[in-house]
Amino acid sequence: MSKEVVISGMGLISSLGLSLEENWKNIVAGKSGTKNITLFDASSCATRVAAEVPPEFEELSRNYIKKRAASQMTRVTRMCVAAAKIAVADSGIDFNQLDRTRCSVIMGVVNTGNSSAEKDTTLQNTVFKTMTNSMPAWISLEYRLMGPNFAVNTACASSAYAIAFGYEMIKNGQADVVIVGGADSIINAEEIKGFNALFALSVANDPPAEASKPFSKNRDGFVIGEGAGVLLLESKEHALARNGQIHATIAGYALTSEGYNIMAPMKDGEGMAQTMELALKNADIQKSDVGYINAHGTSTELNDRYETMAIKQVFGDLAYHIPVSSSKSMLGHTIGAAGAIEAIITAMSLRHGILPPTINYHEPDPDLDLDYIPNTSRSKDIRVALSNSFGFGGHNACLVLKKYQE
Amino acid sequence: MATITERTKSEVKEIVYSFFAEECEADIEQINDNTSIINDLDGDSLMFLELIEIFKKKYNLDIELKVIGKYAVKHPVATIGQLIEMQLLIIEHENRLMELDK
């Protein structure tokens with residue numbers, strides 16, 4: 001018998017904060033985490049802004065990760081492990097009370113950030129710092145978890161995929177607890193120059209906070225963000241049996257591949273639409289029940305146009321009544337971590353009845369005519385929300401989250 | 001082939017104790033020769049290699065890692081005391097370490 005899957009713990013580290021509460025407060029306030037790049041000398045890059053995790057992270061990292069282990073992790077891996085520990089603490093779970101062979105870790109990892117911007121890499125730690133399974137491995141080591149632990153890479157949809165696989169394990173009774181999520185940072189010269197060569201990044205460097213402007217007429221590309229988002233999934237019965245809190249329910253998801261282009265989405269958002277349609281069907285949700293869409297919303301010309309077209313294709317006239325917003329307007333695009341970070345924001349929206357805004361929305365694009373929750377968050381009690389993630393290579397994911405009701 | 005003096009033994013012991021205290025954030029007073037590297041200090045196998053590098057430099061040793069690897073497979077190290085003994089054998093015998101098993 002399939003089980004109801006709930007989110008019972010969440011940890012979030014981003015440019016807008018080092019805790020779930022701080023992040024949520026800043027997101028609701030519509031703040032931007034984008035600033036001038038400080039992690040390396042970006043003066044030779046066309047893009048010189050990014051949404052960096054604040055330097056106070058180093059102190060947080062020292063509190064959560066022992067020196068010895070930390071020396072074998074990149075800064076990004078440390079973000080992932082710290083966010084996992086925050087999520088586990090948030091859940092109140094005690095692994096000593098559980099069968100550890102039934103506890104798993106699945107992380108969305110595009111790379112570990114062992115780039116030219118990483119410090120203290122030596123010959124002896126370079127393998128551990130680089131291997132893409134290091135994030136789930138360190139988390140499983142921390143708690144001595146012995147269920148399957150692995151990484152999944154589907155570019156910008158990676159951590160949404162991780163959530164989907166974790167959902168399946170709980171739903172089908174293959175695990176009691178699955179820690180899912182992801183972390184990423186591509187704030188380094190080689191990747192910024194590489195994305196600049198693809199004309200994918202915003203070059204609106206001044207003022208930094210206004211560079212990411214999804215769905216706006218003057219959008220000119222995405223802003224790179226960094227951070228980690230980790231969620232603890234378990235069945236509703238399992239969470240209730242240990243008196244755990246429940247942030248939200250995962251009702252279903254869809255994963256699709258476009259088989260079309262290594263970079264561009266399918267014309268007119270056809271693949272995006274198919275993904276949302278399938279996710280609703282899998283979750284057995286009526287379109288009229290959807291109260292909010294946390295869009296992929298990258299601030300690129302094609303994504304925002306096609307995602308808008310896809311939403312209209314799926315929802316028809318209803319699309320004009322469903323608020324849509326892009327967390328990337330505030331946090332930048334956190335690549336492998338985006339799916340998890342945005343699922344967390346979606347869960348918080350359901351729990352608190354507040355929809356986060358799309359900031360920097362000052363010049364509407366006449367072709368993009370949905371309700372993008374411009375600039376200011378909105379109070380609205382919703383029952384169902386979608387979280388979209390679409391990655392280079394045609395990897396699509398749509399998660400369907402529901403408000404938890406006792 | 002180096003001669004192991006009491007001074008060498010003392011130096012090696014001090015370096016090993018300090019290394020583990022620093023890397024594992026442990027109180028050096030709590031470390032003794034029976035301390036388990038994995039269970040008591042939460043250490044790892046990489047630390048063994050890092051110590052070898054330290055001793056290679058300090059004593060200008062002619063030793064290949066593969067020789068140490070082969071020897072370690074036959075003589076696993078679990079405690080601080082065992083690790084010190086092995087480091088002393090490495091310093092003393094360098095690349096002829098495997099000859100000890102003949």
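With every protein chain kept in place and ligands, DNA and RNA left out, what is the accessible area per residue of the range B:6-101? Probe 1.4 Å, answer in Å². Present the calculation step by step, with values, prior to reporting the outcome.
Values: 5400 Å² over 96 residues.
Counting only protein heavy atoms, the per-residue value for the range B:6-101 is 56 Å².
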**OP:** Using only Cα atoms, figure out Rg for the range A:1-156 and give it as a multiple of 2.2 N^0.38 Å.
**Re:** 1.13
Original post:
Which far-off residues, 5 or more places away or on another chain, put their amide H under 5 Å from the one on residue A:222, with H placed in the peptide plane?
Top reply: A:201, A:202
Original post:
Taking amide hydrogens as modeled 1.01 Å from N in the peptide plane, which residues meet the under 5 Å criterion relative to residue A:298, leaving out close sequence neighbours?
Top reply: A:304
Original post:
How many nm separate the modelled label positions at residue A:123 and residue A:321, each set 7 Å beyond the Cα in the direction of the Cβ?
Top reply: 6.8
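With charges set only on the Cβ (+1 for Lys and Arg, -1 for Asp and Glu), what does the dipole of chain A come to about its Cα centre, in debye to the nearest 20? Mind showing how you got there, number by number?
Numbers: 36 positive and 43 negative charges, 180 e Å.
Here the size comes out at about 860 debye.
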Subject >> Mean accessible surface per residue for chain A, computed with a 1.4 Å probe while every protein chain stays in place, in Å² >> reply: 37
**OP:** Mind listing the long-range amide H neighbours of residue A:253? Cut-off is under 5 Å, sequence gap 5 or more, other chains count too, H placed in the peptide plane at 1.01 Å from N.
**Re:** A:283, A:400
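Over chain A, what is the relative contact order in whole percent, taking alpha-carbon pairs under 8 Å and six or more residues apart? Working shown, then result.
Values: 1107 pairs, mean separation 96.3, N = 406.
Over chain A, the number comes to 24 percent.
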Subject >> Cα-based Rg and Dmax for the range A:188-241, where Dmax is the largest Cα-Cα distance (Å) >> reply: 18.2, 53
Original post:
When N counts the residues of the range A:32-106, how does its alpha-carbon radius of gyration compare numerically with 2.2 N^0.38 Å, as a ratio?
Top reply: 1.47
**OP:** Give the calculated FRET efficiency between residue A:40 and residue A:220 to the nearest 0.05, with a Förster radius of 25 Å applied to their Cβ-Cβ distance.
**Re:** 0.65
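For A:1, B:98, what's the largest-to-smallest order of accessible area, 1.4 Å probe? If you can, show how the numbers build up before the last one.
Values: A:1 215, B:98 50 Å².
Sorted descending by solvent-accessible area, the residues read A:1, B:98.
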**OP:** Check the range A:252-402 and count each lysine pair with an alpha-carbon distance under 21 angstrom, considering only pairs eight or more places apart or from different chains.
**Re:** 9
Original post:
What net charge is computed for the residues neighbouring residue B:23, neighbours being all others with C-beta under 12 Å from the C-beta of residue B:23, Lys and Arg scored +1, Asp and Glu -1?
Top reply: -2
Subject >> Within the range B:65-102, backbone nitrogen closer than 20 Å to the virtual label 7 Å beyond the Cα of residue B:32 toward Cβ >> reply: B:78-86
Original post:
Just which residues of the range B:48-62 lose 30 Å² or more accessible area with every protein chain there, against their chain alone, with the probe set to 1.4 Å?
Top reply: B:50
Subject >> Cβ-based net charge around residue A:248, under 9 Å, with every Lys or Arg adding one and every Asp or Glu removing one >> reply: +3
**OP:** Using label points projected 7 Å from each Cα along Cα→Cβ, tell me how many nm separate residue B:70 and residue A:371, to one decimal.
**Re:** 7.5
Original post:
In whole percent, how big is the carbon plus sulfur part of the accessible area of the range A:5-241, probe 1.4 Å, protein atoms only?
Top reply: 54
**OP:** Could I have the simple spin-label model distance between residue B:53 and residue A:190, label points 7 Å from Cα toward Cβ, reported in nm to one decimal?
**Re:** 2.0
Original post:
Taking Rh as the Kirkwood radius computed over C-alpha pairs, what is the Stokes-Einstein D of the range B:6-101 at 10 °C in a medium of viscosity 1.306 mPa s, expressed in µm² per second?
Top reply: 117
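Which percent of the accessible area of the range B:6-101 is formed by carbon and sulfur heavy atoms (probe 1.4 angstrom)? Each step should come with its number before you reach the end.
Numbers: 2530 of 5400 Å².
Ligands and nucleic acids excluded, carbon and sulfur reach 47 percent.
Evaluate E = 1/(1 + (r/R0)^6) for residue A:406 and residue A:242, where r is the Cβ-Cβ distance and R0 equals 22 Å; express this FRET efficiency to the nearest 0.05.
Details: r = 16 Å, r/R0 = 0.71.
According to the calculation, E is roughly 0.90.
What shape does the range A:252-402 have by the C-alpha gyration tensor, where a ≥ b ≥ c are the square roots of the eigenvalues, rounded means a/c under 1.5, and otherwise prolate means a/b greater than b/c and oblate the rest? Please list the in-between numbers first.
Values: a/c = 1.34, a/b = 1.14, b/c = 1.17.
Verdict is rounded for the range A:252-402.
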Original post:
In chain A, what percentage of the DSSP-assigned beta bridges are antiparallel, given to the nearest 5?
Top reply: 65
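Whole number please: convex hull volume per residue of the Cα set in the range A:95-217, in Å³? List each step's numbers first, then the result.
Working: hull volume 19.0 nm³, N = 123.
Enclosed volume per residue, from the Cα hull, is 154 Å³.
For residue A:379 and residue B:25, what does the FRET efficiency come to when R0 = 41 Å and r is the distance between their Cβ atoms, rounded to the nearest 0.05? Write out the running numbers ahead of the final one.
Working: r = 47 Å, r/R0 = 1.14.
The formula returns an efficiency of 0.30 here.
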Original post:
Given springs between every Cα pair under 10 Å in a Gaussian network model of chain A, which of A:368, A:18, A:198 has the largest fluctuation?
Top reply: A:198
**OP:** Quick one: compute the contact order of the range B:6-101, relative version, from alpha carbon pairs under 8 angstrom and 6+ residues apart, as a percent.
**Re:** 34
Original post:
How big is the C-alpha Rg of the range A:325-396 next to the rule-of-thumb value 2.2 N^0.38 Å, as a ratio?
Top reply: 1.15
Subject >> Proximal lysines to residue A:129, defined as alpha-carbon separation beneath 21 angstrom and excluding residues fewer than eight positions away on the same chain >> reply: A:66, A:67, A:85, A:119
**OP:** Mind grabbing the interface size between A and B? I mean buried accessible area, both sides, 1.4 Å probe, in Å² to the nearest hundred.
**Re:** 900
**OP:** Take chain A, drop everything but the C-alpha atoms, weight them equally and run the Debye formula without solvent; then report log10 I(q)/I(0) at 0.06 Å⁻¹ to two decimals.
**Re:** -0.20
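The values are calculated or read from the model by the stated rules, or taken from the named source; none is laboratory data. Remember, it's a predicted structure, so these values are computed and weren't measured experimentally. Note that each Cβ is placed from the backbone with ideal geometry, even for glycine, and that neighbours are counted across all protein chains shown. Protein only, heavy atoms only, side chains kept; ligands, DNA and RNA dropped before computing areas. Shrake-Rupley method; radii C 1.70, N 1.55, O 1.52, S 1.80 Å.
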